[in-house]
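Asker: Take this structure first; my questions come after.
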Amino acid sequence: MKKTLLALPFALAVCFAGLAQAEPTDLGGGFSLSGNATIVSDYRFRGYSQTDFRPAVQLGFDLNHSSGFYLGNWNSNVSSFVFTDGNLEMDFYGGWKGDVGGGFTLDAGVLHYYYPGSSSPKGGNYNNTDLYLGASYGNYSLKYSYTPSDFFSTPDSKGTWYLDGTATFDLGDGWGLVGHLGYQKLKNQTNMDGDSIGHYVDYKVGVTKDLKGWILGLAAVGATKDNWLPTKYGHPSGRIGAVFSVARSF
């Protein structure tokens, strides 16, 4: 996912929040290229573990233009009851981000999640496409994501949306603090007990430490309805847990 707080999965967002990043490589013609790499103890997406509470290795690249337009790719291993035949998530995205005055920055684009080798109930892969619009002001950001098609290939789930807000604080001496709340609206979803679930809230709070460009992160993360999705072993994948990460941008 895009390497900003408006689009990053939380583990990586915690790592880079409010901290210095490596200078992108100038390609000429207004283009620049940057990348990021992370090892995380548990890959959480909107509060739910995508790796059965196990580690993940993540790598991303961003191609930016001085006009504000960008393209990118982000990748992570995954492992859960959902991805029965696949173990890789590949995200492809593009959009525009820029200063619109008054200290506000807007970020608008499209993000496609692709899981090669996975199989969904409707056939094909467990893919998903989101349209997103984000805004940031100072150390605060807000993002709205809308799924115009079936949500991760779940039948009759069109129109699912997600709203999340993040605040970051520079504590000095390389330390940072991050707080996050997200609201997920669902359609035609049931939890592990077979009960209907129409929404949930995910929450996260974390600290970071910059050690000469290596960003260490520790966060508590979970969801209010933790039993929406089970792990491969039948545990609620949204239960609160600690997530540790080591990241570096290049």
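The values are calculated or read from the model by the stated rules, or taken from the named source; none is laboratory data. Because the structure is predicted, anything quoted here is derived from the model rather than measured. Glycine also receives a Cβ, built like all others from the backbone with ideal geometry; neighbour counts cover every protein chain displayed. Remember, those area values only see protein heavy atoms, side chains included, never the ligands or the DNA or RNA. Shrake-Rupley method; radii C 1.70, N 1.55, O 1.52, S 1.80 Å.
Asker: Quick one: which strands (runs of 3 or more DSSP E) sit completely within the stretch 43-145 and have at least 2 residues that are under 20 Å from Thr168 (Cβ atoms) and either modelled with pLDDT of 95 or more or under 17 Å from the mean Cα position of the chain (by Cα) (or both)?
Answerer: Ranges flagged: 56-65, 88-101, 104-114, 128-137.
Asker: From Asp170, Asp193, Asp226, which residue is in contact with a Leu (Cβ under 9 Å, 6 or more places away or on another chain) and acidic (Asp, Glu)?
Answerer: Only one candidate qualifies: Asp170.
Asker: Considering (1) surrounded by fewer than 20 Cβ atoms within 10 Å (Cβ to Cβ); (2) within 21 Å of Phe151 (Cβ to Cβ), say which one Asn73 fails and leave the rest.
Answerer: Of (1) surrounded by fewer than 20 Cβ atoms within 10 Å (Cβ to Cβ); (2) within 21 Å of Phe151 (Cβ to Cβ), only one is false for Asn73: (2).
Asker: Does the stretch 98-113 include one or more residues that are within 25 Å of Gly234 (Cβ to Cβ), loosely packed, with under 15 Cβ neighbours inside 10 Å and among the hydrophobic types (A, V, I, L, M, F, W, C)?
Answerer: Taking every residue of the stretch 98-113 in turn, none turns out to be within 25 Å of Gly234 (Cβ to Cβ), loosely packed, with under 15 Cβ neighbours inside 10 Å and among the hydrophobic types (A, V, I, L, M, F, W, C).
Asker: Also, I was wondering about something else. Taking the stretch 90-142, which residues are among the polar types (S, T, N, Q) and within 15 Å of Tyr162 (Cβ to Cβ)?
Answerer: The answer is Asn128, Thr129, Ser141.
Asker: Residue by residue through the stretch 49-59, note down the ones that are free of Cβ contacts under 8 Å to residues at least 60 places away in the same chain and charged (D, E, K, R).
Answerer: Arg54
Asker: Do the conditions hold for Asp26, that is, is it without any contact (Cβ under 8 Å) to a residue 12 or more places away in the chain, closer than 22 Å to Arg248 by Cβ and either part of a strand (DSSP E or B) or open to solvent by less than 60 Å² (accessible area, probe 1.4 Å) (or both)?
Answerer: So Asp26 fits the description; yes.
Asker: Restricted to the stretch 60-117, and to residues that are hydrophobic (A, V, I, L, M, F, W, C) and free of Cβ contacts under 8 Å to residues at least 24 places away in the same chain, which residue is nearest to Glu23 (Cα to Cα)?
Answerer: Leu71
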